[in-house]
Amino acid sequence: MLAIINARIVTVDEQGTIINSGTIVVDENGLISQIADGTISHTSDKVIDARGAIVMPGLVNAHAHLGMTLFRGLGDDMNLEDFLSRLMPAEIRMLDHEAVVAGTELGALESLLGGITTTLDMYYLPDAAQEVAQRSGMRIFSAPNLLEGDGPEPLPFDARMEWAEQWLIQANATGNDSLNWLAPHSTYLLGEEHLLRIAALAEKYNAHIHVHAAESYGEMQLVSNRHNGRTPIQVLADTDLLTDAVLAHGVHLTDEDIELIAEHGASVTHCPASNQKLASGTARVIDLHAAGVNVALGTDGPASGNDLDLWLAMRLAGYAQKNTAKDPTVMPALDILRMATINGARALHADHLIGSLEVGKAADIIVLDADSPSLTPIFDPHVAIVAAAGRGDVMSVIVNGQVVVHEKRVLTINHAETVQKVHALGGVVMAAVEEVERSRRK
Ligand SMILES: [Zn+2]
């Protein structure tokens with residue numbers, strides 16, 4: 001069905017295999033049927049000539065709030081707590097299905113053009129994200145977003161739990177594991193009894209957990225006050241939410257926390273752009289690696305990020321660790337590339353399907369620009385990807401065998417209309433934020 005020829009294939013497989021000039025063949029089910037050195041015969045009707053460019057797995061963004069593109073740039077130069085108290089009430093005030101569709105579609109457009117093929121999303125009204133996923137071809141893993149208070153759905157906690165159960169029943173009925181998730185916001189916005197109820201619901205449906213944990217200095221204090229001096233990780237362990245969970249941020253971890261995370265098989269999604277912008281601290285990525293914890297990479301929401309750029313995240317992740325450790329040898333390029341691909345897939349319980357280019361896996365593939373000045377010359381492709389490539393270098397994007405970006409143009413989304421829709425919502429967004437500011441001053 002599809003073949004990519006003359007490809008410098010960066011597989012990100014177990015051995016980190018690179019094929020300098022090879023061919024990838026994709027079958028009619030969107031799976032990779034062959035990867036080989038040189039040219040191989042195939043019957044594909046569609047052929048992409050990579051002309052020697054890097055061909056690599058699609059990037060996995062393991063923590064984002066796609067719909068939050070609507071609020072991009074409205075939470076700057078402030079810490080997490082100020083950011084949340086400004087934006088969360090505004091979101092709850094103005095969001096509806098159509099608005100979240102508009103924001104998520106812009107997020108999908110930005111993601112796909114930047115080489116992100118899969119995102120673990122945490123946002124309100126998650127039906128909206130699924131509508132966008134179907135239309136755009138992007139893989140979006142979503143879940144009911146669980147807060148103690150009302151959300152824009154709007155639902156008080158009890159009704160929210162019933163709605164979450166319906167969501168999981170449907171996910172299980174359709175066998176769609178990418179929807180078999182619950183997203184309790186955090187241990188600072190949820191009390192012990194709420195967390196226990198969420199854990200019981202997750203256990204009933206074997207659902208995965210996506211939660212913010214140990215992000216900022218302020219959070220550590222809030223959680224300690226609310227949960228009898230415990231850390232967010234201890235609270236999650238005590239409420240049965242830690243096993244196999246995706247922990248967004250994981251910046252402030254004690255040695256005991258790291259042990260708990262490792263014991264429970266949880267993954268940490270490191271979000272270096274968000275952490276550095278909000279001055280949240282530097283995650284202990286090297287210690288997490290040493291403890292055998294799976295560390296993925298995320299952009300966080302576009303109001304805290306402020307963009308959905310995993311190339312930047314790769315760059316910042318490595319540089320921050322090298323600088324903090326005062327050791328440039330830590331976090332070599334392939335380790336960082338794994339964080340943005342296969343480790344993300346593992347965090348999402350989808351590494352059997354995505355995260356590396358291997359026969360039998362889904363064809364989630366990106367082709368970089370053969371003529372990119374910053375990718376010339378290429379002596380070590382892993383280093384080129386992590387230290388020199390950027391979103392502008394993404395030439396083609398394929399998800400599950402479907403070409404969704406061709407020659408830097410998205411095929412599945414109406415680019416101009418998507419941008420225009422979010423511009424048009426600007427007035428409503430600003431009015432909601434100003435209303436919150438006014439009521440805070442009273
Ligand atoms: Zn977040």
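Sorted fewest first by neighbouring Cβ atoms within 10 angstrom, 44, 396 come out as 44, 396. Counted over the chain, the DSSP beta bridges are approximately 45% antiparallel. For the Cα trace of the stretch 255-328, dividing Rg by the Kirkwood Rh returns an Rg/Rh value of 0.98.
Spin-label model, residue 416 to residue 134: label points 7 Å out along the Cα-to-beta-carbon direction sit 2.7 nm apart.
Could you pull out the trypsin sites (Lys or Arg not before Pro) across the stretch 2-79 that fall in loop regions by DSSP (anything but H, G, I, E, B) with no more than 16 other Cβ atoms inside 10 Å?
51
Using a Gaussian network model of the chain in which every pair of alpha carbons under 10 angstrom is joined by a spring, one finds that among 137, 151, 175 the greatest mean-square fluctuation is at 175. Counting only alpha carbon atoms, the long axis of helix 192-205 and the longest principal axis of the chain meet at about 40°. Gap in Å between the Cα centre of the stretch 311-355 and the Cα centre of the stretch 214-242? Cα centroid of the stretch 214-242 versus Cα centroid of the stretch 311-355: 26 Å apart.
What do you get for Rg/Rh over the stretch 275-368 if you use C-alpha atoms and the Kirkwood form of Rh? Provide the component values of the computation, followed by the final result.
Values: Rg = 14.1 Å, Rh = 14.3 Å.
My calculation of the ratio gives 0.98.
On a 28 Å Cα-Cα criterion, which of the cross-link pairs 204/421; 46/408; 277/322; 361/408 come out too long? Long pairs (Cα-Cα over 28 Å): 204/421. GNM on the chain, alpha-carbon springs under 10 angstrom: the most fluctuating residue among 179, 278, 84 is 84. Mean-square fluctuations from a GNM of the chain, with a 10 angstrom spring cutoff on Cα atoms, peak among 252, 97, 270 at 97.
Checking every one of the trypsin sites (Lys or Arg not before Pro) in the stretch 316-395 against DSSP loop status and a limit of 10 other Cβ atoms within 10 Å picks out 326.
Compute the long axis of helix 97-113 from its Cα atoms, compare it with the longest principal axis of the Cα atoms of the chain, and write down the angle in degrees, 0 to 90, nearest 10. For helix 97-113, the angle is close to 30 degrees. Between 0 and 90 degrees, the angle of helix 157-173 with respect to the longest Cα principal axis of the chain falls at about 30 degrees. When all alpha carbon pairs of the chain are counted in 20 Å bins from zero, the resulting P(r) reads 27, 59, 14, 0 %.
Enter the Cα centre distance for the pair the stretch 362-427 and the stretch 131-149, rounded to the nearest angstrom. Using only Cα atoms, the two centres lie 21 Å from each other.
Between the alpha-carbon centres of the stretch 186-211 and the stretch 108-122 there is a gap of 26 Å.
Specify the longest stretch of the chain that does not include any exposed loop site, a site being one of the GluC sites (Glu not before Pro) with a non-H, G, I, E, B DSSP assignment and at most 13 other Cβ atoms within 10 Å. Segment 29-406 is the longest. Dividing the mean sequence gap of close Cα pairs (under 8 Å, 6+ apart) by how many residues the stretch 59-347 holds gives a relative contact order of 21 percent.
Would you list 43, 119 from fewest to most Cβ contacts within 10 Å?
43, 119
Throughout, read-outs are computed from the coordinates displayed, never taken from laboratory work. Note that the structure is predicted; figures quoted are calculated from it, not measured. Glycine gets a Cβ as well: all are built from the backbone with ideal geometry, and neighbour counts include every protein chain shown.
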